[in-house]
Structures are given as structure tokens and as C-alpha cells.
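Colleague: The structure that follows is given in the form of C-alpha cells.
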Amino acid sequence: MKRVLFSLLIAGLILLPENIRADDDFGFDSGGGSSASSPSFSAGSVDVRIGGEVSAELLAFTDDFETVDKIKQGKLGDVFSGALNFSVSGSAADAVINLNLAPVFDGSASPVTIDEAYVRAYFGPVNVEGGVRKLTWGKADSLGPLDVINPLDYTDLTKISDPMDLKIGRPLVHISWGIGNFSKLEGVFVPWFQGHHFATNGRWAPAQITEITGLLSLLPDFNIDDYYKEDRQTLEYAQSGLRFTTTIGSSDMGLQYYYGRLPRPALDASRMSMDYNAYHQVGVDYAQVLFGFNVRAEAAANITEDLKGDKGDIYNPSLAWSLGFDRDLIGGINVNFQATESIRLFHDKIGKDPLVIDTEEGKDITSTRLTLILSKKFFRDQLELKAAGLWDIEEKGFLVMPSIAWIKNDVSVKLSGGIFGGDEDGELGQYRDNHFIKTVLTYRF
Amino acid sequence: MKRNSKFIIAVMLLGIAAAAFAQTGDAAAIVDKSRNRINAATIQTRSRMVITAKDGSTGNRVIDQYSKDGSKGESRVVVEFKHSSNPANITGTRFLTIENSGGNDDQWIFLPSLGKVRRIAASEGSGSFVGTDLSYTDISSANRNTDLDTHRILREEGYQGKPCYVIESTPKDSGYQYSKMVQWIDKANSVNYKIELYDKKGAHVKTLEILKLEEKQGRLSPMVTKMSTLTAGTSTTINVDILQYDGNIPETVFTPRYLETGRP
């Protein structure tokens, strides 16, 4: 890792000489005005920036305090985490490297991981990006049905409140073509596939996964950790998509098609294996301000290869939608609400054949999640009170996350917590013993 | 670029000089002249906002703004926080506002942490604008349509030696953040030197003042403006470090695509 950091430093030094564009860069031409400085992105100039953050965090789970012995076994988290961000902007291209830092004292893993690392080149109205990237498609604020490109990391649900933190950067090529001023056509190609990450042991290991892996772990060569970490690096797992967005009047709308793999694995009981099902997605989205409410909506059809609903190792086709809004209400309290639902098609076919063990057996036909975030800022945004809640209707599971944050320029102190509840078999309710509280001191630079 | 510039440009324009107008205009005409009288095809500014807390500690925001009317005369403004002296959590943030004569303005924001351009409501009312003493309402108040308020001349008096009209403007909409605004407008050149802002209970809560005027490209332009929050003992001073009228701003700047990349 020292070698990587050294290489980055050398690369930075190589890029630094002569025409460094920096904060004095302003405007779009060099003449005419008083006090106007040099033009933006003039040929031969580069803008080099280094940023990042360092955090000190203490994390405790309430069940660690049940007995004296448990208190003694408490770990209070990793304490340190950080990020280093490097970017270089030239006249026709940007390069970005964002690294995550985590303490590893036993050499079992790298303390530095790539969050994003990509180059973006500009060819008039066309931008081409390549590298490890997090892309957001769709209008929803919180992981709507159209936001399908990056898998999510569910190995630590204390970070669930930030969707971008959950996303796992993926190697991809992304082309964006600006058509006129308010329309855009995008294409993405993701040559490899990786599903969502789930913990395979410990307090965040979901029962839905451990049940499947419990069966498969009986096989002599099966290692679930390897399975999740493994990239499916063949074109068989390649994914691609097209997205068109435009603005008509005061409405933003989009249409997209995506061919990919569902991010949750399906169990093939007959072969004692699991795989990620291929699917096609066709979706639309819409955003508009109505009566002061920022309204956002998405709808999608996810079409798998189980077109009759009778294949146990393939998820049924489904419809999905989300509808959300936000606005400031009385006293400047901001309300952000989102409802997201998935509706399984051919649900009645599941379990009909006694010889087929269906990966979706026992599940409800719909899966509906409500997300509500209330926030209020005080003292010119230096103090923020926030409460976020997730409610899974069918599973009656919930998560409530209150927080208070003090932000003074680049330094912040945040105290937050998470309270899980509901059906112990549910996606959230199964963590009912994982209530947590954490405090984080962060410096961003 | 006749009217409806947003954000700091809007605040700055409070003092833009107009041609001398008649000594005897009615109150609404005086306010309208003061707010809207500017003659520039485009305006570009870099402003350094110094935020001062009650204990004297300070923070900075550096804002670049580009303003140009659209083909239908609608105001368009891009605001970006690209300067590295900004707090890291707002660096890279960009706003686009396009005036919509048929309803609320269209506004989009790009937040690096969000990773996409997002449409937002045109006004967040009394909320602080990026941690400053300016509210979103303040930001848009300088281009506020004169017809939305009832105006009356309270008196004529000198302000820093300049003969001024003192005009009280009372919003017709009771839901507006302020119950009234009292402003000192130069009788000779329409510069609006000072505005006192009163809350719904009638208490004087904020004062906006022009501290420094300079001639720029033939226009008398406020280069230092200060908003003070009297109840909190805080203030935000807006120093216009770069000001350029009639410069070239590509049309592609006023698009969501520019918000994503910062590239015209």
C-alpha cells in the first residue's frame, strides 16, 4: 500500500508543474471585464486537488451492555476511518481517485480500498468515463427501482442512512451525450458483475442469506466469503443500459433500459448452488415541483427468465415503483418521504409444484418500504437535528435513526443511533438486538 | 439582463446605479427602478462571504455566479462553490435557477455527495443559505416583483450624506418571511444603501447594508455588502472580488449538464 500512495504522490508531482489551474480560475473568457482573471480550462493548464476526511468514531451496541462480561467484550468499533480524494482537471479531461481508509492491524486486508477511480474525457457534447465509478440513475432520493448499476454493501447497517456510502464502485464505461441543453442520452457498459455484499457472520449477517448458505456450506468446496467477494469477470455477467432524460416545461423525465443481474442471489436447490439471475429492466421516472413539494416518481418492470413463475431457481418478474417528495414545513422542518414497492408477478405459481423449491417461497407478493426523514437546522446550519425512519410494511419491521450534528466549517461532531424493531424474520426486524449508538468526530479537508 | 438576477448578484444589484430619475416618483416606481435598473448582457462575479459568529470567529464561502437572460428574457443564474477555500462539504455544489414567468422558478442542484442533479423547490423560505445570514428569501428579495408589496414613502432623509427616500414595503402575502422592509434609496442614482427587515411580530431582525461602491465598466456597483442578524449578533459580509459585465458565458452553462461536470 505504501507503494500505491508513493505512486500517487509521484503522479501528482508529475502533473503539478507549470500551468496549474487553481482557485484563481474564473469565468469563460479572458477579455472584456474588470478584474476578470484567466479563462477556465485554458489549454495546457491543470487543476490539481487533494481532499479527504479523517474520522474518529466510537460505536456501541446496546446488547453489549447487558452483562458485565459483555461490557468487557465490547469493542467500540474501529475508532478510525478516513478518505483521500485526488482529482486532476485538464482542458479536456478529469481524473479522479477516491480512496477509503480503514484500520487493519493484522495484515488480513488492505487498509486502503478504492471507492472510485476514473477518467472522464470531454468531446464537445459527448463525455466518456471509464474506471471504477458510482453512478446514480433515476430520480428517487433513496435507492429507487431505477438505481441499478452499483451493488450495495450491507455488511454494516450503521451506515445505511447514506445511499452513496452503501454503493460499491464498479468498473464501467459510461458515455453521456448532451442533446440540446436539456436532454441527455447515456449508455453504460459494466463488463463484470458483483452482487450486494452481505455479512456472512456476526451481527449483520442476514437470516435470508445464512439460510441459503447454511445449506450450501455442506458442500465441501463452498466458501461463502469467497463467493461474495468473487467478481464474475466474464462477459456472461456483463451488463449494459441506456438512459434518456429530458426536461419539458417544468418537468424532468427519464426513460431507461437495463440488462443486468439481480443483485441478490437465488438458490438452485436441485444443483445445490446459487447464482445471480439475469433480467431486463424497462423504467421511467419523473420529477416536478407541485405546490411547493419536490415530487419524484419512478416505475419499472423487471423481467427475468421465469416468465411463467414456476422456476424455483429464478426470481419471478416484478413491477416496482417509488414515489417521494420533500419540502420545508412549519418552522423550517424539512420533510423527505419516499415509498418504494416491488410487486411480484405470477406469485400464485410459487409453491404449486411440490418438486420445486422456490427461492421466493414464503415471501409476500409485495414488498413495501416507507422512508421518512425529518430534519431541522439551527444557528445558520451549524446544528442539525435529524430523524430518519424506515418501515417495511409487510414484514412490520422498522429502523429509526435519530441524530444530532454540530458542523463548524470543516469539522463536525455527530451523535446518532439506530433502533431496530418488528418481525424477527423480517429484513429489519431480525436486527432487533442490534440497536446502536455512535459518535463521530470528522475533519474534512 | 434587466431583472431577476439571483443570489449574491441579486444582493449586489441593490446598489446598481441607474440613470438619474425624477425626484418625484411614487414609492412603487422608486423601488421598481432601484431593483430592476441594470443594463448588462451578462454578469459574472466571484464573491467571498465572510460569516462572523457572535464570538467573533469567522468562516468563509467563495461563490462564483454567472447570470444571463434566456431567449425569452427569462433570468438564468448558475451559482457554484468550486473554490477550495469553501468547506469540504459544499465544495463542488452547483445551483441553476431559471425564471419561470408562468409559475415557480425552475431550480436544480448538483451535490457531489448525491452524485446527480436534483430538481428542488424554488424557495426554502427562511432557511439559511449555505450557513450565512442570508435566507433563501433574502436572496430573491432584491428581484422581488414590486407588485407583491405595498410601498409608501415614510420620509426623506440623508444616509451617509446622500439624500434618500425612506420607503416601507409591506408584503401583501402574510406568509412572507418578513412583515415589512424599510429601505434607503438614493434620490439621485437609485442605489439602495440599506434595508431593514422586520419579522412577523414587527421586530427589526436583520439589516442589509452596502459598505462599498465602485465604478465597474461604467456601472456603480456595490463591492462590499453586509447582512447582520440583530437577534443572533452574527453577520455575513459579501466581498465581490471579481465582477465582470457583458462577458462571454456559453449557453451550455445554464443547463443541468453543466451542474454535473462544471464544463460548458
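Colleague: Under the definition of partner shielding as Cβ atoms of other protein chains within 10 Å of a residue Cβ, what is the mean value for peptide A:326-332? If you can, show how the numbers build up before the last one.
Modeller: Working: counts 3, 4, 7, 0, 0, 1, 6.
Whole-number average of other-chain Cβ neighbours for A:326-332 is 3.
Colleague: Separate question: Can you send over the carbon and sulfur percentage of the accessible area for the protein assembly as shown, probe radius 1.4 Å, protein chains only? Mind dumping the intermediate values first?
Modeller: Details: 18490 of 31900 Å².
Answer for the protein assembly as shown: carbon and sulfur cover 58 percent of the accessible area.
Colleague: Okay, moving on. Once the Cα atoms of helix A:207-216 and of chain A are each reduced to a long axis, what angle between those two axes, in degrees from 0 to 90 to the nearest 10, is obtained?
Modeller: 70
Colleague: Next up: Per residue, what volume in Å³ does the convex hull of the Cα atoms of the protein assembly as shown enclose?
Modeller: Spelled out: Cα convex hull of the protein assembly as shown, divided by residues, is 176 Å³.
Colleague: What is the sum of charges, Lys and Arg at +1 and Asp and Glu at -1, for the other residues whose Cβ falls under 11 Å from the Cβ of B:LEU213? All intermediate terms of the calculation are to be shown ahead of the outcome.
Modeller: Working: positive: B:LYS162, B:LYS212, B:LYS216, B:ARG219; negative: B:ASP186, B:GLU214, B:GLU215.
Taking every other residue near B:LEU213 into account, the sum is +1.
Colleague: Tell me what the protein assembly as shown gives for mean residue ellipticity at 222 nm when only DSSP H runs of n ≥ 4 count, each as -39,500 (n - 2.57), the sum divided by the residue total, rounded to 500 deg cm²/dmol.
Modeller: On the way: 9 runs with 68 residues, N = 709.
For the protein assembly as shown, the value works out to -2500 deg cm²/dmol.
Colleague: While we're on this one: Residues of B:81-94, mean number of Cβ from any other protein chain within 10 Å of their own Cβ, rounded to a whole number? Numbers along the way, then the final one.
Modeller: Working: counts 0, 6, 5, 7, 1, 3, 8, 10, 7, 1, 3, 3, 0, 0.
Mean partner shielding for this stretch: 4.
Colleague: Let me ask you something else. When Lys and Arg each count +1 and Asp and Glu each count -1, what net charge do the other residues less than 9 Å away from A:TYR279, Cβ to Cβ, add up to? Could you put the intermediate results ahead of the total?
Modeller: Details: positive: A:ARG261; negative: A:GLU305.
With Lys, Arg at +1 and Asp, Glu at -1, the neighbours total 0.
Colleague: So how strong a dipole does the protein assembly as shown carry about its Cα centre when Lys and Arg Cβ are +1 and Asp and Glu Cβ are -1, to the nearest 20 debye? The partial results should precede the final answer.
Modeller: Numbers: 76 positive and 90 negative charges, 550 e Å.
Magnitude of the dipole: close to 2640 debye.
Colleague: Mind giving me the nanometre distance, one decimal, between the label points for A:VAL400 and B:ASN145, set 7 Å out from Cα along Cα→Cβ?
Modeller: 4.4
Colleague: Kindly give Rg over Rh for the range A:322-445, based on alpha-carbon atoms, with the Kirkwood expression for the hydrodynamic radius. Could the numbers behind the result be given before it?
Modeller: Values: Rg = 19.4 Å, Rh = 17.1 Å.
Ratio of gyration radius to Kirkwood radius for the range A:322-445: 1.13.
Colleague: Taking R0 as 60 Å, what FRET efficiency do you get between A:SER240 and B:ASN100 from their Cβ-Cβ distance, rounded to the nearest 0.05?
Modeller: Numbers: r = 37 Å, r/R0 = 0.61.
For A:SER240 and B:ASN100, the calculated efficiency is 0.95.
Colleague: A further question on this structure: Could you work out the relative contact order of the range A:250-320? I mean the mean sequence separation of Cα pairs under 8 Å and 6+ apart, divided by the number of residues, in percent.
Modeller: Working: 146 pairs, mean separation 20.6, N = 71.
It comes to 29 percent, rounded to a whole number.
Colleague: Moving to a separate point now. Go through the range A:353-386 and flag every residue whose accessible area shrinks by 30 Å² or more with all protein chains in place compared to the isolated chain (probe 1.4 Å).
Modeller: Buried on complex formation: A:ARG380, A:ASP381.
Colleague: Full-extension gain between A:MET253 and A:TYR443, please, as 0.36 nm times their residue separation minus the C-alpha to C-alpha distance.
Modeller: Values: separation 190, 0.36 × 190 = 68.40 nm, distance 3.76 nm.
So the chain would gain 64.6 nm between A:MET253 and A:TYR443.
Colleague: Heads up, I need the accessible area for A:SER87: 1.4 angstrom probe, whole protein in place, Å², nearest 10.
Modeller: 30
Colleague: With θ set to phi - 60°, apply the Karplus curve 6.51 cos²θ - 1.76 cosθ + 1.60 along the range A:166-173 and write out the HN-Hα couplings as whole Hz, x wherever there is a Gly or Pro.
Modeller: Per-residue couplings from phi come out as 6, 6, 9, x, 10, x, 7, 10 Hz.
Colleague: Each residue of the range A:385-401 in order: what ³J(HN,Hα) in whole Hz does its phi give by Karplus 6.51 cos²θ - 1.76 cosθ + 1.60, θ = phi - 60°, with x for Gly and Pro?
Modeller: So the Karplus estimates, Gly and Pro as x, are 9, 8, 9, 10, x, 10, 9, 8, 5, 5, 8, 6, x, 8, 9, 10, 10 Hz.
Colleague: Additional query: Between A:LYS408 and B:ARG152, what FRET efficiency comes out of the Förster formula 1/(1 + (r/R0)^6) with R0 = 56 Å and r the beta carbon distance, rounded to 0.05?
Modeller: Numbers: r = 43 Å, r/R0 = 0.76.
That pair, B:ARG152 with A:LYS408, gives E of 0.85.
Colleague: Using alpha-carbon pairs under 8 Å, 6+ residues apart, how would you state the relative contact order of the range B:132-264 in percent?
Modeller: Numbers: 224 pairs, mean separation 18.7, N = 133.
The normalised contact order for the range B:132-264 reaches 14 percent.
Colleague: Say the cut-off is 24 Å between C-alpha atoms; which of B:LYS82/B:LYS116; B:LYS54/B:LYS226; A:LYS167/A:LYS377; B:LYS180/B:LYS216 go over it?
Modeller: Checking Cα-Cα distances, A:LYS167/A:LYS377; B:LYS180/B:LYS216 exceed 24 Å.
Colleague: Count charges around A:ARG243 for me, please; just the other residues with Cβ under 9 Å from its Cβ, Lys/Arg as +1, Asp/Glu as -1. Let's see the in-between values first.
Modeller: Numbers: positive: A:LYS184; negative: A:GLU186.
That works out to 0.
Colleague: For the range A:176-188, in order, what is each residue's ³J(HN,Hα) by Karplus, 6.51 cos²θ - 1.76 cosθ + 1.60 with θ = phi - 60°, in whole Hz (x at glycine and Pro)?
Modeller: Going residue by residue, I get 10, 10, x, 10, x, 8, 10, 10, 8, 10, 10, x, 9 Hz, with x marking Gly and Pro.
Colleague: Still on this structure, I have one more. Determine, for each peptide in B:115-121, A:135-141, A:391-397, the mean count of other beta carbons within 10 angstrom over its residues, then list the peptides with the highest first.
Modeller: Numbers: B:115-121: 19.7, A:135-141: 23.4, A:391-397: 18.1.
Put in order of decreasing packing, that is A:135-141, B:115-121, A:391-397.
Colleague: Something else about it: Based only on the alpha carbon positions, what is the Kirkwood hydrodynamic radius of the range B:51-104, in angstrom?
Modeller: Here the Kirkwood hydrodynamic radius works out to 13.2 Å.
Colleague: Continuing with this model, one more query. Using r as the Cβ-Cβ distance of A:PHE378 and B:LEU114, and R0 as 25 Å, what FRET efficiency do you calculate, to the nearest 0.05?
Modeller: Details: r = 23 Å, r/R0 = 0.91.
Calculated value: 0.65.
Colleague: Quick one: putting +1 on the C-beta of Lys and Arg, -1 on the C-beta of Asp and Glu, what dipole do you get for chain B around its Cα centre, in Debye to the nearest 20? Before the final figure, lay out the partial values.
Modeller: Values: 35 positive and 29 negative charges, 61 e Å.
The dipole of chain B has a size of about 300 debye.
Colleague: Separation between the A:ALA117 and B:THR231 pseudo-spin-labels, each 7 Å from Cα along Cα→Cβ, expressed in nm?
Modeller: 5.2
Colleague: Another one. Leaving out ligands, DNA and RNA, calculate the buried accessible area for the pair A and B with a 1.4 Å probe, summed over both sides, in Å² to the nearest 100. Walk me through the numbers before you get to the answer.
Modeller: Working: alone 24430 and 11840 Å², together 31900 Å².
Adding both sides of the contact gives about 4400 Å².
Colleague: Can I ask one more? Residue by residue through B:255-264, how many Cβ atoms from other chains fall within 10 Å of the Cβ on average?
Modeller: Details: counts 7, 8, 10, 2, 0, 4, 7, 5, 9, 4.
Neighbouring Cβ atoms belonging to other protein chains average 6 per residue here.
Colleague: I want to verify the translational diffusion coefficient of chain B in µm²/s; compute it with Stokes-Einstein, Rh as the Kirkwood radius over Cα pairs, at 10 °C and 1.306 mPa s. Kindly include the intermediate steps, with their values, before the conclusion.
Modeller: Numbers: Rh = 18.7 Å.
Rounded to a whole number, D works out at 85 µm²/s.
Colleague: Relative contact order (percent) for chain B, with alpha-carbon contacts under 8 angstrom and 6 or more residues of separation? Walk me through the numbers before you get to the answer.
Modeller: Details: 636 pairs, mean separation 61.5, N = 264.
In percent, rounded to a whole number, it is 23.
The values are calculated or read from the model by the stated rules, or taken from the named source; none is laboratory data. From a predicted model like this one, the values you see are computed outputs, not experimental measurements. When we count neighbours, we look across all protein chains shown, and the Cβ atoms used for this are built from the backbone with ideal geometry, even at glycine. Remember, those area values only see protein heavy atoms, side chains included, never the ligands or the DNA or RNA. Shrake-Rupley method; radii C 1.70, N 1.55, O 1.52, S 1.80 Å.
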